[in-house]
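The values are calculated or read from the model by the stated rules, or taken from the named source; none is laboratory data. None of the values given here were measured: they were computed from a predicted structure. When we count neighbours, we look across all protein chains shown, and the Cβ atoms used for this are built from the backbone with ideal geometry, even at glycine. For accessibility, only protein heavy atoms count, side chains too; no ligands or nucleic acids. Shrake-Rupley method; radii C 1.70, N 1.55, O 1.52, S 1.80 Å.
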Amino acid sequence: MYTTCQKCKIDFTITSDDQNFYKKINVPPPTFCPDCRLQRRLSWRNDWHLFRKKEARNGQEIFSIFPEESPIKIYDKEYWNSDEWDPTSYGKDFDFTRPFFEQFKELLYAVPLPAHSLLNIVNSPYCSNANDIKNCYLVRGASFTEDSSYLIWDQASKQCFDSHMTNTCELGYGNVNTVKCYQTFFSVDCESSSHLILCKDCVGSNNCFGSIGLRNKSYYIFNEPYTKEQYENKITEFNLGSEKSFVELKEKAYKNWLTFPQKYMHSRQNVVATGDYIYESKNALDCYRVRGVENGKFIQNVLIGPAKDCYDYSNYGDNVELIYESLVIGSGASNIKFSTEAYPNTSDLTYCIYCNKSSNLFGCVSLRSKKYCILNKQYTKEAYEELLPKIIEHMKKTGEYGEFFPSDFSPLPYLATAAYEFFPLNENEAKQKGFVWYTTKNQEYAITLLNKDIPDNIKEVGKDILKEVIECQHQGNCKQECVGAFKIIESEFDFCQRMNIPLPRLCPNCRHYEQLELRNPIKLYKRECMNSCGNTFETTYAPDRPEIVYCESCYNQEVV
Ligand SMILES: [Zn+2]
Ligand SMILES: [Zn+2]
Ligand SMILES: [Zn+2]
Ligand SMILES: [Zn+2]
C-alpha cells in the first residue's frame, strides 16, 4: 500500500507486515514517511550537548542536557528522583474542547524534568545519557564505561579517549566503530584486534599500520607484510608523536583504505537484515546500529537485546518489546507508544516523558512508580479505563492520535538534537519545516595558546599545557559547532605521552564531527555490486562515494 507523507509529500510503502504490526499494537498507520518520523523523533533527543541551566528550585546554574533558553524547567537529578516533590500535584483534567498536544505541552513546560539522563554514575563530571559509568569525563551516550574521556556512544570500554561508537575496547584513542580492540588508535570498523594504528576493517589482527581488510594478520604496513623487527623499526621511523608526520601518514592510510573493497553493510550474524551496523539480529529491517533485534523495523541505537517486535524506536534496549514511535526506552519496557525516556520497568505508557517504574499512564511527565494517570492526574483503574478510549477517540478526530509529539514544542533547539546529525538543516530550513531554532549562549574562552604554537611533537610538550586554553585549528570557521578553544586534561595528556600520540588540534565538537565522516550515514541507496556479479543491495554508501562496494559473497572472497 502506497501512502503520501503528510510532511515531505513523497510516497512511501506500508507493507502487509507493517499493517499487521500496527494492528497488533492497535495504532492507525503512520502518516509521516520513515525518514520524517525519524527526524521528528530525534528532534526530541540531545545526544551529547551540555549546557548550563538554572535549577527550578534555587536558581543555581547546573549542567544540563537542556539549555537555559529552553522553556522547560529542570530539577537536579537527585532531587527530581526523590519523594520530596509530587509531580501529580501538576495533574490536570482532560479538556475535550482542546487538542491533546496543546494540553500536553502546557504540562511539559510546567512539570520539572531531570537535568540529566544519568543512572548509577560514579565520579563522572560532564557526562550525559549514560548509565553505570565510572571515572569518566565528557562521556556521552554510554553504558558501563570506565576511566575514559571524550567518548560519544560507547559500551563498556576502559581507558579510551576521543572515540565514537566503541564497544568493549581498552586503551583506545581516536577510533570509530571498533569492538573489542586493545591499544588501537585512529582505526575504523575493526574488531577483536590489538595494537592497530590507522587501520580499517581489520579483524583478529595485531600490530598493523595503515591497512584495510586484514583477517588474523600481524605486522602489516599499508597492507604489506613485514617481520616483527622490520615492523618495529618502521613504526619508530614513522615518528608518530609528531603532528606533521602523523598528518602525512593519516592521508596515506586513508588513500590505502580506498584500494580495498568494502562490504555493502556493516553486519554480522544476522538472519535477514537491512540497514547498517546490524549485529546478531533476526528480521531487522531498515535498522541502524542495533544488536539483538528480533522482528523490528526502523530501529536505531539499540545495542542491548533482546528487542522484540518494535518499530520506529531509537535508543537504549535491554529486554524490551512492543515499542513504537518512541525514544530512549529500555530495561524491561513493554508496550510503549509515542513516549521518550521510560526506564526501568515500564509498561503500557502512551505519550509520556520521563516516567520511570510505571504502568498504564497516558500523557504524563516526570512520574515515578505510578499507575493509571492521565495528564499527571491520578485515577482509579476503572475510571482510567473508562476515560482513555474517549481521549483516543477525541485525538483521532483532531488528527493527533498515532503521531509522535510534534517537533515544534520540543524542549531542544534543532541544532542540539540528534536529528541535526542525520538531517542537517540551516536556520531558515529548520524554521520552515517547523523545528525549534534559537541560539544558545556559548561560554567565552580567552585563548592562551595559539594552535600554531602547540609543539609539533608530544615529546616536546610539558605539563604546563594543562593550564592553557588552546585555540581550535578551525577557529570557529566550520560547520561543526566549533567552540573555538579547548583544554587538555591530565589523563589524556599522560595517555598521549605514553602512547606517542600527538595532542589534538581541534576542540571536542570539531573532533566529533570529523569522526562522523568515518561513520556511514543512515540513508539507504539501491546499488549494484561493483564486482559486476549482478547482485543488488541497499547500502549506506552513496553512489558518489569513492569506496569500492561489494556484495557479501564477492567481499568474502576478498578477505581471507
Ligand atoms: Zn516524509
Ligand atoms: Zn573547533
Ligand atoms: Zn571545526
Ligand atoms: Zn558481488
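Values computed for the structure shown
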quantity	calculated
Top-ranked residue in segment 517-547 [being hydrophobic (A, V, I, L, M, F, W, C) and surrounded by fewer than 16 Cβ atoms within 10 Å (Cβ to Cβ); ranked as farthest from ligand 3 (Cβ to nearest atom)]	533
Selected residue (criterion: nearest to residue 421 (Cα to Cα)) from residues of segment 513-560 that are within 16 Å of ligand 1 (Cβ to nearest atom) and of a type in the set (A, V, I, L, M)	522
Long-range neighbours under 6 Å by Cβ, at least six apart or interchain, first residue closer than 18 Å to residue 420 by Cα within segment 435-449, second at pLDDT 90 or above and open to solvent by 100 Å² or more (accessible area, probe 1.4 Å)	437/431
Options 327, 322; residue that is open to solvent by 30 Å² or more (accessible area, probe 1.4 Å), under 19 Å from residue 290 (Cα atoms) and modelled with pLDDT of 95 or more	322
Hits in segment 255-308 - residues which are among the small types (Gly, Ala, Ser) and in contact with a Pro (Cβ under 7 Å, 6 or more places away or on another chain)	292
Every residue from segment 14-41 that is more than 12 Å from residue 324 (Cα to Cα), of a type in the set (D, E, K, R) and within 25 Å of the chain's Cα centre (by Cα)	35, 40
Filter result for residue 452 (of a type outside the set (A, V, I, L, M, F, W, C), free of Cβ contacts under 8 Å to residues at least 24 places away in the same chain and either in contact with a strand residue (DSSP E or B) (Cβ under 8 Å, 6 or more places away or on another chain) or away from ligand 1 (no atom under 16 Å from the Cβ) (or both))	yes
Output for segment 426-474, where each listed residue is within 16 Å of ligand 3 (Cβ to nearest atom) and modelled with pLDDT under 95	442, 445
Residue tally, condition of a type in the set (Gly, Ala, Ser), buried (at least 19 other Cβ atoms within 10 Å of the Cβ) and either in contact with a helix residue (DSSP H, G or I) (Cβ under 8 Å, 6 or more places away or on another chain) or in a loop (DSSP other than H, G, I, E, B) (or both), over segment 448-488	1
Looking only at segment 255-304, and only at residues there that are in a loop (DSSP other than H, G, I, E, B) and over 20 Å from the mean Cα position of the chain (by Cα), the one that is surrounded by the most Cβ atoms within 10 Å (Cβ to Cβ)	264
Neighbours by Cβ (under 7 Å, 6+ apart or cross-chain): first from segment 3-28, surrounded by 11 or more Cβ atoms within 10 Å (Cβ to Cβ); second hydrophobic (A, V, I, L, M, F, W, C) and at pLDDT below 95	14/1
Qualifying residue in segment 423-441 (condition: of a type in the set (Gly, Ala, Ser), under 24 Å from residue 99 (Cβ atoms) and either more than 23 Å from the chain's Cα centre (by Cα) or more than 16 Å from ligand 2 (Cβ to nearest atom) (or both))	yes
Among the candidates 130, 115, residue that is open to solvent by less than 10 Å² (accessible area, probe 1.4 Å) and modelled with pLDDT under 95	130
Considering residues of segment 489-502 that are crowded, with 20+ Cβ neighbours inside 10 Å and assigned to a loop (DSSP other than H, G, I, E, B) only, the residue farthest from ligand 4 (Cβ to nearest atom)	502
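Conditions tested, residue by residue: (1) buried (at least 18 other Cβ atoms within 10 Å of the Cβ); (2) of a type in the set (Val, Ile, Thr); (3) in a loop (DSSP other than H, G, I, E, B); (4) more than 25 Å from the chain's Cα centre (by Cα).
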| position | (1), (2), (3), (4) |
| --- | --- |
| 345 | no, no, yes, no |
| 395 | yes, no, no, yes |
| 405 | yes, no, yes, no |
| 420 | yes, no, no, no |
